[in-house]
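Everything below concerns the one structure shown next.
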Amino acid sequence: MVPVIEARGLSFSYPDGTRGVREVDLDVAAGERVTVVGANGSGKSTLALSLGGLLDAEGTVTYFGETTDADAVRERLGVLLGNPDDCLFNTTVREDLAYGPAQFGMSEAAADERIADLAGTLGLDDLLDKPPFRLSAGEKRRAALASVLAFDPDVLLLDEPLGAVDGSYRELILDLLREHEGTVVTFTPTVEAVPRLAERVVVMDEGEVVANGEVREVLTDGELLASAGLRPPPAVRLFEGKLPREELPLTVAAARELL
């Protein structure tokens, strides 16, 4: 099967010399759930921007086996930036959610229906006519995510979709991403939500991919995670040394059942 994203030799350094990513290779299959984890400064956000065609990185990214020009398939790529203020630039939240559908030819009726559905799901109904700068950090994150989902892209590249979002809305977002029919690649500095977000996890450290494997394999490898400035999920830490690695619970719910 041809990957929907095929990155080869991605490298990027910022003007001050800070290395973002170096020689990153990564394939993502259609419909796959992948999470990229790494401590702050590990290169996650740079990789997200590079895969989304928003940085002039060295190397190549091929989309859908067709093109290396991200702009040619822009309506099929949904990129959530790490800072939601960079995603919200219109006068009201409603206008931000309508922007993508309008750019990519969705009918007004279809766009209105899509916006109403997302607003209801993400708790934005009372915020649609507010200016984005008046929202809280969590509200901005939810609005920014809705603006990406509004035009229904095939591939989602989401930098910290759960950042600053409280418990109840975290659950809603996790459910929404699990139900999404397309490809979902998330980027996060912590591993706690990874078992619920992904079937494969990529670990980054100092701009390089240091692990790429099945979720259980990676998240129960404490030595690997520690070398990248990360810790295993709390459930793993609770039972580490008490159960065989293949039996360690990955989530709080799984740990609760064992207790």
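Read the figures in this text as sums done on the coordinates, not as results from a lab. Keep in mind it's a predicted model, so treat the numbers as computed, not measured.
For the chain, take the longest principal axis of its alpha carbons; what is the angle in degrees between that and the long axis of helix 108-121, to the nearest 10 within 0 to 90?
40
May I ask for the distance between the Cα centers of region 50-71 and region 195-259, given as a whole number of Å?
First find each Cα centre; the distance between them is then 30 Å.
List the lysines whose alpha-carbon lies under 28 Å from that of LYS44, not counting same-chain residues fewer than 8 positions away?
In chain and number order, the partners are LYS140.
Measure nothing fancy, just the Cα-based angle from helix 93-103's long axis to the longest principal axis of the chain, in degrees from 0 to 90, nearest 10.
The two axes meet at around 80 degrees.
In sequence order, what are the phi-derived ³J(HN,Hα) couplings for region 133-150 according to the Karplus relation 6.51 cos²θ - 1.76 cosθ + 1.60 with θ = phi - 60°, rounded to whole Hz, with x for glycine and proline?
So the J values, rounded to whole Hz, are 5, 8, 7, 6, 4, x, 5, 4, 4, 5, 5, 5, 4, 4, 5, 6, 6, 4.
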